[in-house]
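**Q** Once you've had a glance at the structure underneath, I'll fire off some questions.
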Amino acid sequence: MKFRVAPDLARAPELVAARGNAVGQPMIVLATTPSTNDEAKRGARQGAAHGTTWVAEEQTEGRGRQGRAWVSSRGESLVFSVLIRVGCPPSRLPTIALVAGLAVRDAVARAAPGASVVLKWPNDVLVEGRKVAGVLVEAMTAGRKVDAVVVGVGINVHTRQFPDDLGDRATSVALVATEPVDRAEILADTLAGLDRDLHLVVARGLGLVHARLVAADALAGRRVRGESGDAGTAAGIDDEGRLKVRRDDGTVERWTAGEVHLVENGG
Ligand code: BTN
């Protein structure tokens, strides 16, 4: 069956172009695709320019981090991928993921003034402890250098009902905002944030956005557990994008990747 792109998404290219940022142009708006990250990777192989962005009304095979599926209902979510052409060592990738998460956090906070929107390392965006958005960064390498990076973002925007298994863990911008929300605005705000911070962070690390990261950090001071079972107290994010964790013996470790769980009741 044929369907169209809703007006609040269809106007995104015009809005982004009016702002004049390099990230977000050109923008390809698709009614449906298996995954915007796959569109962007194909575009990268075919020579698409830095900043090219693919946004879709529907994804049929959206994927998240850790091999999970990213399920979104047509018309309710904002799903898009940005092609970033940076030549950098793979060690810079965590900083790109964090800057993307911060850009999404700021855009969601702008759409939902008054809501407490935070960033759960490495790049989940939460409101009131529930996930509103996630970021999947996939790198394309040439030799030992990163040649291109695809930043894929999924934001629950208009969703009002989630499947039972997500119900107590997910939320949407519409559920926490007091005014009507618009996907084109959230997209343009996210892309503007990326455009502003990306190159500085790739060149110099997270120092220049560190204060904003500290302010948005959902984990600071909380008891966390990593995938290996190691636990400790989150103690901030360093300039390379690693999570600092204070173990019970007082030593501070730096965790580079993976899933981090909040441990309720300090256990
Ligand atoms: C996560 O939290 O696990 C990351 C979710 C990332 C989902 C986005 S939606 C747009 C892009 N295309 C995909 O297939 N995945 C990302």
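**Q** Scan region 46-54 and give yes if some residue there is closer than 30 Å to His261 by Cα and within 15 Å of the ligand (Cβ to nearest atom), otherwise no. Write out each step before concluding.
**A** Within region 46-54, the subset closer than 30 Å to His261 by Cα is none.
Checked against the condition, which is being closer than 30 Å to His261 by Cα and within 15 Å of the ligand (Cβ to nearest atom), region 46-54 yields no hits at all.
**Q** Please specify each residue of region 32-56 satisfying the condition of being open to solvent by less than 50 Å² (accessible area, probe 1.4 Å) and either among the acidic types (Asp, Glu) or within 16 Å of Ile155 (Cα to Cα) (or both).
**A** Ser35, Thr36, Asn37, Glu39, Thr53, Trp54, Val55, Ala56, listed by residue number.
**Q** What residue, of Ala49, Ala100, Ala56, is at pLDDT 95 or above and part of a loop (DSSP other than H, G, I, E, B)? Steps first, answer last, please.
**A** On the way: Ala100 fails: part of a loop (DSSP other than H, G, I, E, B); Ala56 fails: part of a loop (DSSP other than H, G, I, E, B).
Only one candidate passes the filter, namely Ala49.
**Q** Gly67 passes all but one of (1) open to solvent by less than 20 Å² (accessible area, probe 1.4 Å); (2) within 17 Å of Val153 (Cα to Cα); which number fails?
**A** Failing condition for Gly67: (1).
**Q** Now, a different point. Within region 200-223, is even one residue closer than 16 Å to Arg110 by Cβ, of a type in the set (Gly, Ala, Ser) and either touching a residue at least 40 places away in the same chain (Cβ under 8 Å) or touching a Gly at 6+ places or on another chain (Cβ under 6 Å) (or both)?
**A** Pass one, region 200-223, residues closer than 16 Å to Arg110 by Cβ: 212, 215-216.
Now drop any that are not of a type in the set (Gly, Ala, Ser), which leaves 215-216.
Filter again for either touching a residue at least 40 places away in the same chain (Cβ under 8 Å) or touching a Gly at 6+ places or on another chain (Cβ under 6 Å) (or both), leaving 216.
Yes, region 200-223 has at least one match.
**Q** Also, I was wondering about something else. I'm trying to understand the selection: among the residues of region 182-225, which are open to solvent by less than 10 Å² (accessible area, probe 1.4 Å) and of a type in the set (Gly, Ala, Ser)? Break it down stepwise before answering.
**A** Quick first cut of region 182-225, residues open to solvent by less than 10 Å² (accessible area, probe 1.4 Å) only: 183-184, 186-188, 190-191, 193-194, 198, 201, 205-206, 209, 213, 216, 219, 224.
Passing the criteria: Ala184, Ala188, Gly193, Gly205, Ala216.
The values are calculated or read from the model by the stated rules, or taken from the named source; none is laboratory data. Treat the numbers as computed from the prediction; the structure is a model and nothing was measured. FYI the Cβ positions are ideal-geometry reconstructions off the backbone, even for glycines, and counts take in every protein chain you see. The accessibility values were calculated without ligands, DNA or RNA, using every heavy atom of the protein model including side chains. Shrake-Rupley method; radii C 1.70, N 1.55, O 1.52, S 1.80 Å.
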